[in-house]
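> I have a structure I would like to understand better, so I am pasting it below and will then ask my questions one at a time.
The values are calculated or read from the model by the stated rules, or taken from the named source; none is laboratory data. Fair warning: this is a prediction, and the values are worked out from it, not measured in the lab. In this analysis, Cβ positions are derived from the backbone assuming ideal geometry, glycine residues included, and neighbour counts consider all displayed protein chains. Ligands, DNA and RNA are excluded from the accessible area calculation, which covers all protein heavy atoms including side chains. Shrake-Rupley method; radii C 1.70, N 1.55, O 1.52, S 1.80 Å.
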Amino acid sequence: MTNPTTDWALEADGLVKVFGTNRAVDGVDLQVRAGTVYGVLGPNGAGKTTTINMLATLLRPDSGTGRIFGHDVVREPHIVRQLIGVTGQFASVDETLSANENLMIFSRLLGLSRTEARTKAADLLDRFGLTEAARRPLKDFSGGMRRRLDLAASLIAQPPLIFLDEPTTGLDPRTRGQMWDTIRELVRTGSTVLLTTQYLDEADQLADRIAVIDRGRVVAEGTADELKASVGTSSLQLRVRDSADTEDALRIIERALGVRGALSPEASRITAPMADADRIADLLITLREAGIHLAEMSVQKPTLDEVFLTITGHPAEDTESAATREEVPA
Ligand SMILES: Nc1ncnc2c1ncn2[C@@H]1O[C@H](COP(=O)(O)OP(=O)(O)OP(=O)(O)O)[C@@H](O)[C@H]1O
Ligand SMILES: [Mg+2]
């Protein structure tokens, strides 16, 4: 290794956590360079939160090691806790107090003077578009406002490493965009961010590198471009009219696009990664010449489901994941 260990904000080696007979985290390796955003992408139940909890000293690994800026999470938890922030913690502060009061208390706990705390709170509320809501009690906040306030609270201490566990799940597109800006701001001002997400586009927008995690294991790792290359830049989806033609259609598609197609569980539907949309015309002609008729055809940006299908060879089969599918405008 040419890099000194302090180049790494986070290193995980073979992390394992078993609940009963469920290997929730099953040998996870991660390396996060300081000053970057690292995305951990995976469906419900993949082991994202469990991984974070071990790295944030909230849960003891059954085996493997985690280091934060070179400090072992099991042997040096006190040092590690000074180096990290975990969103969600802040939400446990008093619900009956206002956003402003919560930020003031948080600032004071971190050793700021009353005047500094007041300035800091006002500045953060402004930056997060919460000035108007500043005097409202937290219990009246929407999910999006609450999460922005969580992030604002992380900015007071501005720890070197911030864990964000699904910071935008369930938020509307505009609020998501604001969260993304905030996360970029955190990194611009010196923090390292590890975020988990179920959304490929979020990892794409934010993360310098991404680990795809499935059933407790890292199944792919790389930059967004590298991952997209592995699933194609977009994905072709089609359904043949006669399901008996499915196998033939799949072979033709694989030959025409030069890729490995993937049959979805619903037999007559075919999903294939596609780097070059120009080839579609040739493909359609070939299908017609083979006498294969189509019921449906569409071209979409890759979704997490396709990343999974392509990388793991099986769909992200948790039933919940169907409800969280990305909505990509056609
Ligand atoms: N405290 C616990 N006791 C028992 N099983 C648990 C516990 N925490 C998590 N699990 C199980 O471990 C697996 C991984 O859960 P985890 O919460 O880490 O997934 P996740 O990737 O964060 O999912 P989500 O996207 O739904 O938040 C799941 O099968 C879950 O049911
Ligand atoms: Mg989780």
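> Accessible area per residue for segment 235-301 in Å², computed with a 1.4 Å probe and the full protein assembly in place, what is it?
58 Å²
> Order 292, 79 by their accessible area, 1.4 angstrom probe, all chains in place, largest first.
79, 292
> A follow-up question, please. Would you mind telling me the share, in percent, of accessible area of segment 68-132 contributed by carbon and sulfur at probe 1.4 angstrom?
Of all accessible area on segment 68-132, carbon and sulfur atoms account for 52 percent.
> Something else: Which far-off residues, 5 or more places away or on another chain, put their amide H under 5 Å from the one on residue 40, with H placed in the peptide plane?
195, 196, 197, 211
> Kindly list the residues of segment 92-118 that lie in the label zone of residue 132, defined by a backbone N under 17 Å from the point 7 Å along the Cα-to-C-beta vector.
Zone members listed by number: 99-100.
> Could you give the dipole magnitude of the chain about its Cα centre, charging the beta-carbon of Lys and Arg +1 and that of Asp and Glu -1, in debye to the nearest 20?
Using only the charged Cβ atoms, the result is roughly 1060 debye.
> Further question: Mind checking which of 99, 244, 256 has the largest fluctuation in a GNM of the chain, springs on alpha carbons under 10 Å?
244
> Projecting each Cα onto the charge dipole of the chain (Lys/Arg +1, Asp/Glu -1 at the beta carbon, about the Cα centre), which of 183, 249, 230 comes out farthest on the positive side?
So the residue we want is 183.
> Farthest toward the dipole's positive end in the chain, which of 66, 142, 130, given Cβ charges of +1 (Lys, Arg) and -1 (Asp, Glu) about the Cα centre?
130
> Something else about it: Please quote Rg/Rh for the chain to two decimal places, taking the Kirkwood radius as Rh and restricting both calculations to Cα atoms.
1.05
> Starting from the Kirkwood Rh over alpha-carbon pairs, what translational D in µm² s⁻¹ does segment 106-242 have by Stokes-Einstein at 4 °C and 1.567 mPa s?
My calculation gives 75 µm²/s for D.
> In Å², and per residue, what accessible area does segment 34-144 have when probed at 1.4 Å with the other protein chains present?
With all protein chains present, segment 34-144 gives 49 Å² per residue.
> Further question on the same structure: Probe radius 1.4 Å, ligands and nucleic acids ignored: give me the carbon and sulfur share of the accessible area of segment 235-301 as a rounded percent.
47 percent
> Here is a follow-up. For segment 235-301, what is the per residue volume of the convex hull drawn over the alpha-carbon atoms, in cubic angstrom?
Taking the convex hull of the Cα positions in segment 235-301, it is 73 Å³ per residue.
> I would also like to ask the following. For a 32 Å ceiling on Cα separation, which of these pairs sit above it: 48/139; 17/120; 17/301?
The pairs that break the limit, which is 32 Å between Cα atoms, are 17/120; 17/301.
> Continuing with the same structure: On a full-extension model of 0.36 nm per residue, what is the gain between residue 74 and residue 297, subtracting their alpha-carbon distance, rounded to one decimal in nm?
Going from the current span to full extension adds 75.1 nm.
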